[in-house]
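Peer 1: Could you have a look at this structure, given as structure tokens, before my questions?
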Amino acid sequence: MKPSIYEDSRDVFLDTVDAKDYIQLERISTIYQVLKDSIKKPFKMVLLYGKPGTGKSMFLSKLHESIASEQKAYLYKTPILDESEFYKTLAQDLYEIRYDGELNFTQFMRVVENRELVEAIVPVIMLDEAQLYSTIMMEKIRLLSDTRKVKFVIALHKTEKEDIIAKEHFQTRIWESIKLENALPSELKIYIQKKLMKANCIDTASMFTPKSINLIHKLTDGNYRDTNKLIYTLFDIYHYYAQNTPNKIKRNEISAKIIEMAAIHTGLINA
Ligand SMILES: Nc1ncnc2c1ncn2[C@@H]1O[C@H](COP(=O)(O)OP(=O)(O)OP(=O)(O)O)[C@@H](O)[C@H]1O
Ligand SMILES: [Mg+2]
């Protein structure tokens, strides 16, 4: 197949988490500032929550990238479920201490407590997918945070069926909770267009009329992951047409029919 402008546009919507692809949205940048401020406060642990696909991992990556130059910050993208491994990784990252054998909570706690804080700002550990840590583990993380020698930012998704943040350990006031939400139609428009423009796909960016944005929003509820999937498929269909029946597609605006085809294909609507 020969390349088409739709191919590049399609690949913009691959579902990946990379700080360099981060799109600044107004509502998120307010939250971002709250988080950056709260990272400097002692005591408070930060809880970032929201439904799957609302951009928590993306947000953490961006935050990590931006604060790493100012303070010690580590992002654990996948949970380290083995307790000893978890403490050993922390010991290595925070203090550059290597342990060969097992390291249990009591031992590690002693290390943390005896540590003089050399940095002006407390080091930050960011834990993504934290819904996978056990309740006991979360309680230990809280105790570590109580030493005020390490700070935790925790991201987890709140699913409908289990209301994780209602659990006891998130009830205490040491938590600063921040919720990420799906995009509003106006935000979705900015999201889609900025994403395309960043990749120099100016022509396709201008094809998204308010009408097409509203339809996409209706189908995805403004969820970033679902929107990615939908638009990826949408441009894949456009690419196909461009190869085979190029005079069948209008180039000035996204067709509602193709949006619907893409939605059926991605399972957002039932055929
Ligand atoms: N601000 C943003 N800028 C650019 N892309 C974003 C942004 N927010 C979300 N995305 C896109 O949406 C996709 C889903 O976001 P992300 O993976 O961060 O969701 P999540 O909340 O961590 O979901 P889960 O709970 O399933 O882990 C990402 O792959 C990314 O492409
Ligand atoms: Mg995630």
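Peer 1: Pull out the extension gain between HIS265 and LYS77, defined as 0.36 nm times the separation in residues minus the alpha carbon to alpha carbon distance; nm, one decimal.
Peer 2: Details: separation 188, 0.36 × 188 = 67.68 nm, distance 3.00 nm.
So the extension gain works out to 64.7 nm.
Peer 1: About its Cα centre, how strong a charge dipole does the chain have in debye, to the nearest 20, once Lys and Arg get +1 and Asp and Glu get -1 at the Cβ? All intermediate terms of the calculation are to be shown ahead of the outcome.
Peer 2: Working: 39 positive and 37 negative charges, 167 e Å.
The dipole of the chain has a size of about 800 debye.
Peer 1: Quick one: angle between helix 26-40 and the longest Cα principal axis of the chain, in degrees between 0 and 90, rounded to 10, please.
Peer 2: 10
Peer 1: Can you pull the percent of Cα pairs in segment 26-179 with separation above 20 Å?
Peer 2: Details: 5536 of 11781 pairs.
Pairs farther apart than 20 Å: 47 percent.
Peer 1: Starting from the Cα of ARG148, step 7 Å toward the Cβ, then list every residue of segment 25-51 with an amide N under 12 Å from that point.
Peer 2: From segment 25-51, the list is 41-44.
Peer 1: Using modelled backbone amide H atoms (1.01 Å from N, in-plane), which distant-in-sequence or interchain residues come within less than 5 Å of GLY50's amide H?
Peer 2: Amide H neighbours of GLY50, under 5 Å, 5+ apart: LEU156, LYS158, LEU180.
Peer 1: Based on DSSP H runs of at least 4 residues, each adding -39500 (n - 2.57), what is the mean residue ellipticity at 222 nm of the chain after dividing by all its residues, to the nearest 500 deg cm²/dmol?
Peer 2: On the way: 11 runs with 129 residues, N = 271.
Taking each H run of at least 4 residues, the total per residue is -14500 deg cm²/dmol.
Peer 1: While we're here: Tell me, what HN-Hα J-couplings in whole Hz come from the Karplus equation 6.51 cos²θ - 1.76 cosθ + 1.60 at θ = phi - 60° for each residue of segment 210-222, using x for Gly and Pro?
Peer 2: Result, ordered by residue: x, 5, 5, 4, 4, 5, 4, 5, 4, 7, 10, 6, x Hz.
Peer 1: Counting other beta carbons within 10 Å of each Cβ, put PHE59, PHE13, PHE152 in order, fewest first.
Peer 2: Numbers: PHE59 24, PHE13 21, PHE152 18.
Fewest-to-most Cβ neighbours within 10 Å comes out as PHE152, PHE13, PHE59.
Peer 1: Starting from the alpha-carbon convex hull of the chain, give the projected area averaged over all orientations, in nm².
Peer 2: Working: hull surface 67.7 nm².
Over all viewing directions, the chain projects a mean Cα-hull area of 16.9 nm².
Peer 1: Same structure, new question: Remind me, relative contact order of segment 26-179 in percent, using alpha carbon pairs under 8 angstrom and six or more residues apart?
Peer 2: Numbers: 207 pairs, mean separation 58.5, N = 154.
The value is 38 percent.
Peer 1: For segment 55-127, what is the largest minus smallest coordinate of the Cα atoms on each principal axis, given in angstrom and ordered from greatest to least?
Peer 2: 35, 29, 16
Peer 1: Still on this structure, please answer the following. From the phi of every residue in segment 126-137, what ³J(HN,Hα) in whole Hz does the Karplus formula 6.51 cos²θ - 1.76 cosθ + 1.60 yield, where θ is phi - 60° and glycine or proline is x?
Peer 2: 10, 10, 8, 6, 6, 5, 7, 6, 6, 4, 4, 5
Peer 1: Let me ask you something else. Filter LYS20/LYS44; LYS158/LYS189; LYS41/LYS195; LYS88/LYS158; LYS51/LYS257; LYS189/LYS250 down to the pairs with a C-alpha to C-alpha distance above 31 Å, please. If you can, show how the numbers build up before the last one.
Peer 2: Working: LYS20/LYS44 28 Å; LYS158/LYS189 25 Å; LYS41/LYS195 33 Å; LYS88/LYS158 28 Å; LYS51/LYS257 29 Å; LYS189/LYS250 20 Å.
Flagged as over cut-off: LYS41/LYS195.
Peer 1: Same structure again: What are the ³J(HN,Hα) couplings of segment 59-76, residue after residue, when phi is run through the Karplus curve with 6.51, -1.76, 1.60 and θ = phi - 60°? Round to Hz, x for glycine and proline.
Peer 2: 4, 4, 4, 5, 4, 4, 4, 7, 9, 4, 7, 9, 8, 5, 9, 10, 10, 9
Peer 1: Find the relative contact order for the chain and round it to a whole percent, using C-alpha pairs within less than 8 Å whose residues are 6+ positions apart.
Peer 2: Numbers: 375 pairs, mean separation 77.2, N = 271.
RCO, the chain: 28 percent.
Peer 1: While we're here: Counting other beta carbons within 10 Å of each Cβ, put TYR232, TYR240 in order, fewest first.
Peer 2: On the way: TYR232 18, TYR240 14.
Least crowded to most crowded, the residues run TYR240, TYR232.
Since every read-out is calculated from the coordinates, none of them should be taken as a lab result. Note that this is a predicted model, so its numbers are computed, not measured. Every residue, glycine among them, receives a Cβ derived from its backbone with ideal geometry; neighbour counts consider all protein chains shown.
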